[in-house]
Amino acid sequence: QVQLVESGGGLVQPGGSLRLSCAASGSIFSMYALAWYRQAPGKQRELVAAITRGGSTNYGDSVRGRFTISRDNAERTVHLQMNSVKPEDTAVYYCNAGGLGMTYWGKGILVTVSS
């Protein structure tokens, strides 16, 4: 069992930066692939960024070059550094962990990009 808790969300101005964190507890953190998803009002949940157990990363087209995902296995955390944010980045962001035949989700955290 893995519990995921997101933090770091809030209001940010267009062009600004924000860092999301996800703290995990429970099982063997290093065994899981990790990801951030987001869901904007009226839209489907979409992949923002993912990182494998080995550290390989993948990004959604809309955030590539602006967002960076990283993981710290010792601290059992995964981060999403968001730079040059745009109003269309406004969404609830969810932390995801997958592996060992299981998938876990955090409850989500709101990010609002507005002036």
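The values are calculated or read from the model by the stated rules, or taken from the named source; none is laboratory data. Predicted model only: the values in this text are computed from it and were never measured. Note that we place each Cβ from the backbone using ideal geometry, even for glycine, and neighbour counts take in every protein chain shown. The area values use the complete protein model at the heavy-atom level, side chains included, leaving out ligands, DNA and RNA. Shrake-Rupley method; radii C 1.70, N 1.55, O 1.52, S 1.80 Å.
A few points about this structure:
- Gain in span if fully extended, Lys43 to Ser84, counting 0.36 nm per residue against the direct Cα distance: 12.6 nm
- Rolling a 1.4 Å probe over the protein heavy atoms gives segment 2-88 an accessible area of 53 Å² per residue.
- Only Cα pairs under 8 Å and 6+ residues apart enter the sum, and on that basis the relative contact order of the chain stands at 36 percent.
- Nonlocal amide H pairs with Val85, under 5 Å, H built at 1.01 Å: Gly15, Gly16
- Taking every DSSP bridge with both residues inside the chain, close to 95 percent are antiparallel.
- Dipole size of the chain about its Cα centre, with +1 on Lys/Arg Cβ and -1 on Asp/Glu Cβ: approximately 60 debye, rounded to the nearest 20.
- Note, ³J(HN,Hα) from phi for segment 63-72, Karplus 6.51, -1.76, 1.60, rounded to Hz, x at Gly and Pro: 10, 4, x, 10, 10, 9, 9, 8, 9, 10
- Whole-percent carbon and sulfur share, accessible surface of the chain, 1.4 Å: 50 percent
- Scalar couplings 3J(HN,Hα) for segment 13-26, obtained by applying the Karplus form with A = 6.51, B = -1.76, C = 1.60 to θ = phi - 60°, are 7, x, x, x, 10, 8, 10, 8, 10, 9, 9, 10, 9, x Hz; x denotes Gly and Pro.
- Close amide H partners of Ser62, meaning residues 5 or more places away or on another chain with modelled amide H under 5 Å apart, do not exist here.
- Spin-label model distance (nm) - Lys107 vs Thr52, 7 Å beyond Cα toward Cβ: 3.4 nm
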